Structure formats: C-alpha cells, structure tokens
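Contents: one structure, followed by commentary.
Computed from the coordinates by the stated procedures, all read-outs in this text should not be read as laboratory data. Only a predicted model underlies this, so the values are computations on that prediction, with no experimental measurement involved. Note: ideal-geometry Cβ built from the backbone for every residue, glycine included; neighbour counts use all protein chains shown.
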Amino acid sequence: MEEVLNEIGYFRGESYHTVNECAGDDMAENCFFNNFTAYADLVRSTCLETLEDCYWNDKPFDCCRYFQPMETELGLCYAVNSLQTSAKHPIKMNMISNKHTGPGRLTITVLTEAYVYTIGEEEVPNLITPKSDVLLVDHYIAYKRHISIKDIENDPEAKQVSVSQRKCRFPDENNLDVHQYYSYSACSVQCRKDKQLKICNCTSHLMPNTGDTLRIWSL
C-alpha cells in the first residue's frame with residue numbers, strides 16, 4: 001500500500017498502483033476509497049521535516065518563517081518570496097542582488113527527496129513546469145545551481161490598454177479561482193481544473209483553492 005499512498009500524496013495524473021491494488025475482484029485489504037486529501041496530508045512532510053540550515057549570503061534565517069505554504073495542483077509546497085502563498089501573513093525576505101550587492105547565494109539543507117522549483121514570484125509549480133526550472137534533490141548529495149535573471153519592464157501606459165487589446169494580463173488582473181494572482185502557470189492550472197469539471201464533474205483532490213464538494217473525495 002505504500003505505492004498507493006505515494007500516488008495519492010504526490011498525485012501526477014496517473015494511478016497505476018492504485019488501480020492495480022484497489023480495483024477489480026482481487027483487491028488489497030487496506031484499500032481506502034474516500035478522504036484522499038487527508039491521506040495525502042499524512043504522506044507529505046511538513047516544512048520542519050523538509051528544510052533546515054537556511055542561509056542567504058552566508059547569513060542564517062528561519063527556514064519555515066520565510067518558506068511559506070503554497071497550495072498547488074502537485075500538493076502543498078513551501079515557497080520563499082512568492083505572491084501565491086496561502087499563508088495568512090505573508091512575509092518577504094530581502095533577497096536583492098544587483099551590481100552593487102553582487103550575486104546572492106541561497107543555501108538550504110533539504111532533509112527529504114524533493115523537487116526544487118526556481119520560478120518567478122507570481123508563478124506556481126505545476127504539471128507542465130519546464131524541466132529546466134526543476135531540480136530533483138536526493139539524500140547525501142550536494143547540488144549547486146546558478147541562476148541568471150533578466151528583468152522585463154512594461155511601459156507604464158500598457159495597463160491603460162484593455163486586456164482584450166493587449167492580449168495579456170498583469171498579476172493583479174486575476175480572473176482565476178485556483179490562485180490569487182494571474183500568471184501563465186496559474187492559468188494552465190485553471191484550464192486543467194475547468195476541463196476536469198467539464199469531463200468528470202469533479203477535480204483532482206490536490207487542486208488548489210477548491211472546495212471538498214468539487215474535489216475527488218471518494219470512489
């Protein structure tokens with residue numbers, strides 16, 4: 001049943017072990033058919049069980065004060081300086097790097113096998129995040145990743161043009177219900193939610209900001 005719990009806790013759209021173990025006549029004894037979200041919460045690690053020894057430019061900081069919870073279609077993640085966190089009191093850390101301060105360095109000890117995403121403040125981890133933005137971290141191995149950021153500034157008058165004319169949205173022009181701010185990745189999550197509702201009349205049990213009446217709760 002460990003594989004079944006992992007499939008539900010870290011759901012990626014496929015349920016091979018769940019179908020194999022818990023469908024048909026030869027069903028495993030410990031199968032469960034409801035309350036998938038609660039089982040997912042049991043499997044996943046808390047922030048304290050995931051992160052320790054956090055440093056910015058060799059200065060220590062409290063990992064779980066600044067890496068705040070974020071609901072995603074992949075389950076609960078922990079993010080620093082994200083607009084999309086589900087924390088009641090979001091806290092931002094000064095992580096500015098420029099020609100005056102020099103390059104910044106973030107150092108973290110990850111206690112479990114985990115996926116580390118390097119994305120913009122309005123973006124969210126999702127099923128189609130480019131592999132170049134994701135690092136799989138395993139036990140007892142040190143990883144180093146260099147990131148170069150290119151700032152893109154819009155003309156201040158661009159916001160005076162209607163969304164339909166410019167064919168894009170600023171983060172605060174949100175028309176989504178899965179995340180608080182608009183972004184390409186958040187929009188892709190909304191598209192999957194809408195399609196799930198249209199085809200199945202329910203959504204994945206990990207779909208963010210979705211009530212239990214719409215999520216897959218039982219089979």
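Things to note:
- When Met1, Met70 are arranged by Cβ crowding within 10 Å, least crowded first, meaning fewest neighbours, the order is Met1, Met70.
- In summary, the convex hull built on the alpha carbon positions of the stretch 120-219 has an orientation-averaged projected area of 9.8 nm².
- Computed over the chain, the per-residue total of -39500 (n - 2.57) for DSSP H runs of n ≥ 4 gives a 222 nm mean residue ellipticity of -6000 deg cm²/dmol, rounded to 500.
- Karplus-derived 3J(HN,Hα) values for the stretch 182-192, using 6.51 cos²θ - 1.76 cosθ + 1.60 with θ = phi - 60°, are 7, 7, 4, 5, 5, 5, 5, 5, 4, 4, 5 Hz; glycine and proline are entered as x.
- For the chain, the Kirkwood hydrodynamic radius comes to 19.6 Å, computed from all pairs of different C-alpha atoms.
- Neighbour cut-off at most 13 other Cβ (10 Å), DSSP loop, chymotrypsin sites (Phe, Trp or Tyr not before Pro), the stretch 74-143: Tyr140, Tyr143
- For Ser15 and His139, a Förster radius of 30 Å and the Cβ-Cβ distance give a FRET efficiency of 0.70, rounded to the nearest 0.05.
- By the Cβ distance rule of under 4.7 Å, the chain has these cysteines without a partner: Cys77, Cys168, Cys187, Cys191, Cys200, Cys202.
- GluC sites (Glu not before Pro) lying in DSSP loop within the stretch 1-48, provided at most 12 other Cβ fall within 10 Å: Glu14, Glu29
- In a DSSP loop and with at most 13 other Cβ atoms within 10 Å, the GluC sites (Glu not before Pro) in the stretch 124-208 are Glu153, Glu173.
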